[in-house]
1. Once you charge only the Cβ atoms, +1 for Lys and Arg and -1 for Asp and Glu, what is the size of the charge dipole of region 116-158 about its Cα centre, to the nearest 20 debye?
2. Which net charge results when you count Lys and Arg as +1 and Asp and Glu as -1 among the other residues whose beta-carbon is under 15 Å from that of GLU86?
3. Using just the C-alpha positions of the chain as equal point scatterers, what log10 of I(q)/I(0) does the Debye formula give at each q in 0.09, 0.10, 0.16, 0.19 1/Å?
4. Using a cut-off of 14 Å between beta-carbons, work out the net charge of the residues near CYS146 (Lys and Arg +1, Asp and Glu -1, CYS146 not included).
5. How big is the dipole moment of the chain about its Cα centre under a simple scheme where the beta carbon of each Lys and Arg is +1, that of each Asp and Glu is -1, and everything else is neutral? Debye, nearest 20, please.
6. Measure nothing but the geometry: give the 0 to 90° angle between the long axis through the Cα atoms of 141-157 and the longest principal axis through the Cα atoms of the chain, rounded to 10°.
7. Taking only the alpha-carbon positions of region 122-165 and ignoring solvent, what does the Debye formula give for the base-10 log of I(q)/I(0) at q = 0.14, 0.15, 0.17 Å⁻¹?
8. Can you pull out the GluC sites (Glu not before Pro) in region 61-143 that DSSP calls coil and that have at most 14 other Cβ atoms within 10 Å?
Amino acid sequence: MLVTEHLMKEHQLILKYVDLLERYVELSAKNNESSLLFEKAPFFIQFIHEFADEFHHAKEENILFRYLEQPGVLSHCNPIPQMLNEHGKARELVLNMENALLSNDIDKLEVNGVQYARLLKEHIYKEDNILYPMGGRGLSDTAKSCLLKEYAETDERLDSQSIWCKYEALAADLESQLNAYPSAILL
Ligand SMILES: [Fe+2]
Ligand SMILES: [Fe+2]
C-alpha cells in the first residue's frame, strides 16, 4: 500500500467526522438544540486535535510534503504552500470552536463548525485528486519506499492502532446518538 493510500484512508475517517459535525450543527441550528451541540463539541475538538491535526496533518507536513518538495518531484506547480495555509486555517477554526465553547456562544460554535467542515472537505478533495496523484507520478520508487518506511515508523510511534480503534468507536457512538435523537428526524 502506498503512503498516499494510507493517508486517503485517514481522510475517510476525517470526512466521517466532518459529516457528523455538520449534522449536529444543523440539528442545533434548525431545532434550537444547542445543548446537544455544546455537549458533543468537545469530542469533535478532541478528534480534530488528536487525529486530524496531530496524527494526519503532522504526518503530511513532517513526512509527505518533505519528500514532495524535493527538486523535480512537483514539476508544474507546487500546491504545498496552499495546503499548509489550509492546515493553518483549520487550526484557527478549531481554536475559535474552543473559544466559543468557553464563552457559551452557540452561534460562533455553529459558524466555525460549518466553516471547518467546508474547509476540510475542499482540502481533502484537492489532496486526493491533485496533490497525491502528482506525488505518485513524481516520486521515484526508492523515494516511495523510504517514505513508506518513515510513515510506518511514525504510525508505530503514535500507536496508530489504538488511535484508530478509539476514533472509529467514537464516530459510531456520535452517529448512533444523533440518529436516536428525536429531533433528528425533523432534519
Ligand atoms: Fe492536508
Ligand atoms: Fe490530508
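1. Values: 7 positive and 8 negative charges, 43 e Å.
Value, rounded to 20: 200 debye.
2. Values: positive: LYS89, ARG91, ARG118, LYS121, LYS126; negative: ASP53, GLU60, GLU61, GLU92, GLU122, GLU127, ASP128.
Counting the neighbours of GLU86, the net charge comes to -2.
3. -0.36, -0.44, -0.98, -1.25
4. Numbers: positive: ARG66, LYS144, LYS149; negative: ASP141, GLU150, GLU153.
So the surrounding residues net to 0.
5. 360
6. That helix lies at roughly 40 degrees to the long axis.
7. Result of the Debye calculation: -0.48, -0.54, -0.67.
8. Working: sites: GLU61, GLU69, GLU86, GLU92, GLU98, GLU110, GLU122, GLU127; in loops: GLU69.
Hits after loop and neighbour filter: GLU69.
Where a number appears in this text, it was derived from the coordinates with a stated rule and is not lab data. Source: prediction; values computed, not measured. All Cβ positions, even for glycine, are placed from backbone atoms using ideal geometry, and neighbour counts span all protein chains on display.
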